[in-house]
1. Just one of (1) in contact (Cβ under 8 Å) with a residue 24 or more places away in the chain; (2) assigned to a loop (DSSP other than H, G, I, E, B) trips up E78, so point out which.
2. In segment 85-130, which residue that is surrounded by 22 or more Cβ atoms within 10 Å (Cβ to Cβ) and in a loop (DSSP other than H, G, I, E, B) is farthest from the chain's Cα centre (by Cα)?
3. Tell me, yes or no, whether segment 81-92 has at least one residue that is within 14 Å of the ligand (Cβ to nearest atom) and either touching a residue at least 60 places away in the same chain (Cβ under 8 Å) or out of contact with any Cys (no Cβ under 9 Å at 6 or more places or on another chain) (or both).
4. Hey, could you check segment 143-187 for residues that are hydroxyl-bearing (S, T, Y) and part of a loop (DSSP other than H, G, I, E, B) and say which is nearest to the ligand (Cβ to nearest atom)?
5. Quickly run through segment 188-225 and pick out the residues that are over 15 Å from the mean Cα position of the chain (by Cα), in a loop (DSSP other than H, G, I, E, B) and under 16 Å from V37 (Cβ atoms).
6. Given the options S101, S139, S131, name the one that is touching a residue at least 60 places away in the same chain (Cβ under 8 Å) and polar (S, T, N, Q).
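No lab work stands behind these numbers, since they all come straight from the coordinates. Keep in mind that what you see is a predicted model, and the values were worked out from it rather than measured. A quick note on method: Cβ atoms are made from the backbone with ideal geometry, for glycine too, and the neighbour counts reach across all protein chains shown.
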Amino acid sequence: MTRKKLIAGNWKMNKTSAEAVALALEIVQAAGKQSEVDIVVCPPFTALESVSKAVDGSLVKLGAQNMHFEASGAFTGEVSAPMLRAFFATHVILGHSERRSLFGETDELVNRKVLAALKNQLRPIICVGESLAEREAGSTLKVVQAQTEKALEGVSRELAPAIIIAYEPVWAIGTGKVATTEQAQEVHAFIRGILTKLLGEALAQRVRILYGGSMKPANAPELLAQKDIDGGLIGGASLEARSFLELVRAAAGAA
Ligand code: PEP
């Protein structure tokens, strides 16, 4: 089964609305018509509307970095899935390790968000991954299994093809340390196995599993050539059009 590669940029808390539009337009101009690789950009909430207009009419898709699981209500500072949909967002990153470690997000909360995203026709990019201490203690697979199974609890077989998993070893995020291709492929294959158990072989083969953690033009081709690595969730290297576009090209080359 060939899965279309996906390169998603997580801009985190970077870029004013004007800066975000400039970056989005550079990406659209260079790659907005190519269809070999799916491209998603995830600006901060404050730039969603302007970037939505910048990518309109191109093949570049819009994602958010987080959302609340309720549709509306007294949740100061939060935004909901219908609000994201109103900006034509199609994807949302959920359970990023920074949300888990800095904002106390639990597996249960991530699961509620996943279900809310799917209910609102948003594709969740569900982040899982172990900390350095967990890897050193030999519990990588156990941690990834618990996070993946809990995140997917209650996801119907019908909606399952919309999910995207991002394996992001926490020790590799923003650190310049990248997992070796063997380390990454091992965990990706393991996640595919969990999906097979939960959803059956045919559906599990359709779900894309991205790698995230210091992915750069220099290390991307080898990572993206692995059997179960279907793209990348990119932090630092997504903040400049040149490096982000090189990753898109690397994914096209590995397709
Ligand atoms: C991320 O935060 O999802 C990420 C992968 O960051 P970086 O590429 O900077 O390691």
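1. Here E78 clears every test but (1).
2. It comes out as E130.
3. yes
4. Narrowing segment 143-187 to residues hydroxyl-bearing (S, T, Y): 148, 156, 167, 175, 180-181.
Then keep just the ones that are part of a loop (DSSP other than H, G, I, E, B); that gives 156, 175, 180.
Numbers: S156: 27, T175: 7, T180: 15 Å.
Among those residues, the one meeting the criterion is T175.
5. Across segment 188-225, the qualifying residues are P217, A225.
6. Every option except S101 fails the conditions.
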